[in-house]
1. Which condition number in (1) assigned to a helix (DSSP H, G or I); (2) surrounded by fewer than 16 Cβ atoms within 10 Å (Cβ to Cβ); (3) of a type outside the set (A, V, I, L, M, F, W, C) is the one that residue 31 fails?
2. Test residue 40 against the stated conditions and say whether it is at pLDDT below 95, within 18 Å of residue 146 (Cα to Cα) and either surrounded by fewer than 19 Cβ atoms within 10 Å (Cβ to Cβ) or within 17 Å of the chain's Cα centre (by Cα) (or both).
3. If I filter the stretch 121-158 down to residues being in contact (Cβ under 8 Å) with a residue 40 or more places away in the chain and assigned to a helix (DSSP H, G or I), which single residue comes out as nearest to residue 96 (Cα to Cα)?
4. Taking the stretch 36-60 on its own, how many of its residues are farther than 23 Å from residue 15 by Cα and in a helix (DSSP H, G or I)?
5. Going through the stretch 88-109 one residue at a time, which ones are free of Cβ contacts under 8 Å to residues at least 40 places away in the same chain, in a helix (DSSP H, G or I) and of a type in the set (A, V, I, L, M)?
6. Looking at 66, 118, 76, which is the one that is part of a helix (DSSP H, G or I), surrounded by fewer than 14 Cβ atoms within 10 Å (Cβ to Cβ) and in the same structural domain as residue 37 (by TED's automatic domain parsing)?
7. Among the numbered conditions (1) at pLDDT below 95; (2) within 14 Å of the chain's Cα centre (by Cα), tell me where residue 97 comes up short.
8. Which one is surrounded by the fewest Cβ atoms within 10 Å (Cβ to Cβ), of the residues in the stretch 52-63 that are hydrophobic (A, V, I, L, M, F, W, C) and touching a helix residue (DSSP H, G or I) at 6+ places or on another chain (Cβ under 6 Å)?
Amino acid sequence: MHDIQLFGVLEVRTRGIRLSGEDFGGARPRHLLALLALRGEWSLVELADTLGVSATTLNDDLGILRDRLEPGVGHRDSVITSHQGRVGLARERVHIDTVTFDQLVAMAAERPPARAARPLAAAAFLASRPLLEDEDAVWAAEARAEYRAKLITASEPQPIG
């Protein structure tokens with residue numbers, strides 16, 4: 001299982017190993033992982049456009065990232081999946097803090113205010129540091145704003161009735 005932390009500094013923990021910063025093989029592979037963790041499956045064209053790189057460079061970065069996440073594991077067995085021009089993460093093999101955050105916020109929304117406090121507190125704890133706090137890319141700033149807004153909206157008192 002790969003535990004991916006997006007709140008704060010991007011970090012992956014797996015089998016007693018912790019990866020962060022340059023451990024991913026550079027900024028582009030790190031950004032690639034962050035985008036896959038944030039938005040799920042992407043087309044190679046969309047990813048290349050978002051990262052401002054060619055398809056060849058993107059494929060090179062995918063190879064670097066696969067090797068850093070799972071040294072010696074073949075392409076077919078990687079936690080990074082690819083099929084028919086699309087790439088993503090094997091969701092059954094990853095735990096992502098933003099997914100947990102979204103689940104907690106959804107759980108709170110379904111509860112009466114008195115029972116919503118506990119999942120909201122857990123969501124606020126997860127989001128106690130800004131999302132991808134050390135990334136300056138436009139897409140990272142947009143994601144930060146999105147999650148900040150989710151937390152603020154979820155924390156606002158809901159009308160009764």
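The values are calculated or read from the model by the stated rules, or taken from the named source; none is laboratory data. These numbers were taken from a predicted model, which means no experiment stands behind them. When we count neighbours, we look across all protein chains shown, and the Cβ atoms used for this are built from the backbone with ideal geometry, even at glycine.
1. So the condition that residue 31 fails would be (2).
2. When the stated conditions are applied, residue 40 passes them.
3. So the residue we want is 126.
4. So the answer is 15.
5. 99, 104, 106, 107 - these are the residues of the stretch 88-109 that are free of Cβ contacts under 8 Å to residues at least 40 places away in the same chain, in a helix (DSSP H, G or I) and of a type in the set (A, V, I, L, M).
6. None of the others qualify; the one that does is 76.
7. (1)
8. Checking each candidate, the answer is 55.
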